[in-house]
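*Asks:* Pasting a structure below so you can have a look.
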Amino acid sequence: MTTGSVQDKLELSRRVSLLEPSETLAIAAKAKELQSKGIDVVSLSAGEPDFDTPDFIKQAAADALMKGVTKYTPAVGTVELREAIARKFKRDQNLTYPIDQIIVSSGAKHSLFNVFFSLLNEGDEVLIPGPYWLSYTAMVTLAGGTSKVLATHEDTQFKLTPDILRRSLSPRTKVLVLNSPSNPTGAVYTRQELEALAEVLLDYPKVQIVSDEIYEKLIFDGAKHISIATLSSELAQRTVIVNGHSKAYAMTGWRLGYAACANKELAKAISSLQSHSTSNPTSFAQAGGVAALDQGDPEAERMCKVYQKRRDLLYGLISQIKPLKPFKPQGAFYLFVNIAETGFSSADLIQKLLEEAHVATIPGKPFGSDSHIRMSFATSEAKLEEAARRLSRWFSAR
Ligand code: PMP
Ligand code: GLU
């Protein structure tokens, strides 16, 4: 017997063999690798704030660490953090959650994973308006469900319409995913648009809503974030809201996210799942998480104003590059750019832009549209200007 043949025989689980690695993270890593080799790549890839976490948040975590907050906490997160989350929901959305229906996890990605794992059985259908954040479909597959992507259109600002929703619902539909502001399009649903969707959903009382509100605080032009859970108590009962610290408070590396479940049984299931998998999110990170929620909003607003300025800058610059047609986002920090007239697939184009123009972007294909690419503007104005200069040069040389 040779060791080689042992390797050859390894049969991975069916679940993981269906998976591709996260392309957003992979391209961001590739851009960093090129930069570390001395290649001057401007990265507009992963959606990660370039700001550092505000100092008072770091201080709260450092104080906790030095005071010995170094042990396990309750698997679902500390009482202090869950109380701060409950205060946040009351303050921002006038929603009331008992703290045993709030589960803190290691990032909103983890919260979403827990939610899908706790809700889905084999064959259950999950409606996902597309373009969508690429991890939703991967998580649904892992949990044994089936994703049904509902194509939306640029002329309805990439938003799900009541007609499309009604046509897509079936007795197999278990969950509808909503993500406003959206990654990758930056579309933001208005109250009226959500009310129109809600009217359709009232005819399908068994459908649960997973509302991913992680970009809630990154919203432009005075628009307001509305959660579908705030429209009626009936909808609140069917909605699980997922949110987290990564984007609003520039805390991606801290890995803090949370799910607020109106349904007690769902909260219990997620708690059990987490108690057998990761247990609690990092103890002292949670102390920083309390400071962020209680005192972080002025900082979040300051950063949001900067993102809006960058949005205007990048949108203006990319609009001038002939074959590119950007969609003007109202929230989050991504520019979703129509590349149909370039004649390239999104994967081919981003490869060329990375290798030849040294600008890292993300292909639209894993988000459900091969005729778009995504550019993050969570980077400095100087870098955005440089990226646009390189792209303009590259396109005009063709
Ligand atoms: N939802 C959306 C739409 C996202 O873009 C992200 C990006 N990271 C997440 C959830 C998860 O964020 P995190 O795990 O950093 O909290
Ligand atoms: N959500 C961010 C993005 O879409 C970060 C990477 C990831 O978690 O996928 O770029």
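The values are calculated or read from the model by the stated rules, or taken from the named source; none is laboratory data. Just so it is clear, the model here is predicted, and its values are computed rather than measured. Every residue, glycine among them, receives a Cβ derived from its backbone with ideal geometry; neighbour counts consider all protein chains shown. Calculation scope for accessible area: heavy atoms of the full protein, side chains included, ligands and nucleic acids excluded. Shrake-Rupley method; radii C 1.70, N 1.55, O 1.52, S 1.80 Å.
*Asks:* Take Gln320 and Glu265, extend 7 Å from each Cα along the Cα→Cβ direction, and tell me the distance between the two endpoints in nm.
*Replies:* 5.9 nm
*Asks:* Based on the alpha-carbon gyration tensor of the stretch 46-108 and its eigenvalue square roots a ≥ b ≥ c, which shape applies: rounded if a/c is under 1.5, prolate if not and a/b is larger than b/c, or oblate?
*Replies:* oblate
*Asks:* If we restrict to alpha carbons, what Rg and Dmax does the stretch 191-258 come to, in Å?
*Replies:* 13.8, 41
*Asks:* Near Lys174, which lysines are there with a Cα under 23 Å away, not counting those fewer than 8 places off in the same chain?
*Replies:* Correct list for Lys174: Lys109, Lys148, Lys159, Lys206, Lys264, Lys268.
*Asks:* Another question about this same structure. If you count only protein heavy atoms and use a 1.4 Å probe, how large is the accessible surface of Val188, to the nearest 10 Å²?
*Replies:* Rounded to the nearest 10, the figure is 10 Å².
*Asks:* Could you give the length gained by full extension between Glu301 and Lys32, i.e. 0.36 nm per residue of separation minus their alpha carbon distance, to one decimal place?
*Replies:* 94.0 nm
*Asks:* Still on this structure, I have one more. Under the rule of at least 5 residues apart or a separate chain, name every residue whose amide H is placed under 5 Å from the amide H of Gly107.
*Replies:* Distant-sequence amide H within range of Gly107: Leu256, Gly257.
*Asks:* Evaluate the distance, in nm, between pseudo-label points positioned 7 Å from the Cα of Trp394 and of Lys71 along their respective Cα→Cβ axes.
*Replies:* Placing both labels 7 Å beyond Cα along the Cβ direction yields 5.4 nm.
*Asks:* Normalised by the residues of the stretch 122-269, what does the relative contact order come to in percent, with Cα pairs under 8 Å and at least six apart? Display every interim value, and only then the final one.
*Replies:* On the way: 246 pairs, mean separation 26.5, N = 148.
Relative contact order for the stretch 122-269 comes out at 18 percent.
*Asks:* So, with +1 on the Cβ of K and R and -1 on the Cβ of D and E, and no other charges, what is the size of the charge dipole of the stretch 274-398 about its Cα centre, to the nearest 20 debye? If you can, show how the numbers build up before the last one.
*Replies:* Working: 16 positive and 13 negative charges, 97 e Å.
Roughly 460 debye, rounded to the nearest 20.
*Asks:* Need one number: the % of Cα-Cα pairs in the chain sitting beyond the 41 Å mark.
*Replies:* 14 percent
*Asks:* OK, next. Select from Thr152, Thr70, Thr379 the residue whose mean-square fluctuation is largest in a Gaussian network model of the chain (Cα-Cα springs shorter than 10 Å).
*Replies:* Thr70
*Asks:* How high is the FRET efficiency between Ser13 and Arg172 when r is their beta carbon distance and R₀ equals 22 Å, given to the nearest 0.05?
*Replies:* Numbers: r = 24 Å, r/R0 = 1.11.
So, using R0 = 22 Å, E works out to roughly 0.35.
*Asks:* What FRET efficiency would be calculated for the residue pair Asp312, Asp163, taking the C-beta separation as r and a Förster radius of 25 Å, to the nearest 0.05?
*Replies:* Working: r = 33 Å, r/R0 = 1.30.
My answer for the efficiency is 0.15.
*Asks:* Next question. Could you tell me what percent of the accessible area of the stretch 315-398 is made up of carbon and sulfur, with a 1.4 Å probe and every protein chain present?
*Replies:* Exposed carbon and sulfur together represent 47 percent of the surface.
*Asks:* Right, next: For a test of the definition: using alpha carbon positions, the gyration tensor, and the 1.5 limit on a/c, classify the stretch 120-216 as rounded, prolate or oblate.
*Replies:* oblate
*Asks:* From the backbone phi of the stretch 259-269, what are the Karplus-calculated ³J(HN,Hα) couplings (6.51 cos²θ - 1.76 cosθ + 1.60, θ = phi - 60°) in whole Hz, Gly and Pro given as x?
*Replies:* 10, 10, 10, 6, 8, 4, 5, 5, 4, 5, 5
*Asks:* To the nearest 500 deg cm²/dmol, what mean residue ellipticity at 222 nm is calculated for the chain from DSSP H runs of n ≥ 4 alone, each contributing -39,500 (n - 2.57), summed and divided by the residues? Provide the component values of the computation, followed by the final result.
*Replies:* Values: 15 runs with 166 residues, N = 398.
Calculated from helices alone, the mean residue ellipticity at 222 nm is -12500 deg cm²/dmol.
*Asks:* Can I ask one more? What fraction of the Cα pairs in the stretch 274-356, stated in percent, has a spacing above 22 angstrom? List each step's numbers first, then the result.
*Replies:* On the way: 1838 of 3403 pairs.
Counting every Cα pair in the stretch 274-356, those more than 22 Å apart make up 54 percent.
*Asks:* Compute a Gaussian network model of the chain, connecting alpha carbons closer than 10 Å, and tell me which residue from Thr96, Thr156, Thr141 fluctuates the most.
*Replies:* Among Thr96, Thr156, Thr141, the largest mean-square fluctuation in the Gaussian network model of the chain belongs to Thr156.
*Asks:* If you don't mind, another one. Testing the spin-label approximation: label points 7 Å from Cα along Cα→Cβ at Glu341 and Gln237. State their distance in nm.
*Replies:* Label-label distance for Glu341 and Gln237, simple model: 5.2 nm.
*Asks:* Show me, for the stretch 250-257, the HN-Hα J-couplings you get by feeding each phi into the Karplus relation (A = 6.51, B = -1.76, C = 1.60, θ = phi - 60°), rounded to Hz, glycine and proline as x.
*Replies:* Karplus-based 3J(HN,Hα) across the stretch 250-257 equals 6, 10, 4, x, 7, 6, 10, x Hz.
*Asks:* Right, next: Could you please state, rounded to a whole Å, how far the C-alpha centre of the stretch 295-331 is from the C-alpha centre of the stretch 117-134?
*Replies:* Between the Cα centre of the stretch 295-331 and that of the stretch 117-134, the gap is 29 Å.
*Asks:* Now a separate question. Provide the per residue accessible area, probe 1.4 Å, for the chain, rounded to a whole number of square angstrom.
*Replies:* Ligands and nucleic acids excluded, the result is 45 Å² per residue.
*Asks:* Contour minus end-to-end for Ser380 and Ser272, with contour as 0.36 nm per residue of separation and end-to-end as the Cα-Cα distance?
*Replies:* The Ser380-Ser272 span can extend by a further 34.7 nm.
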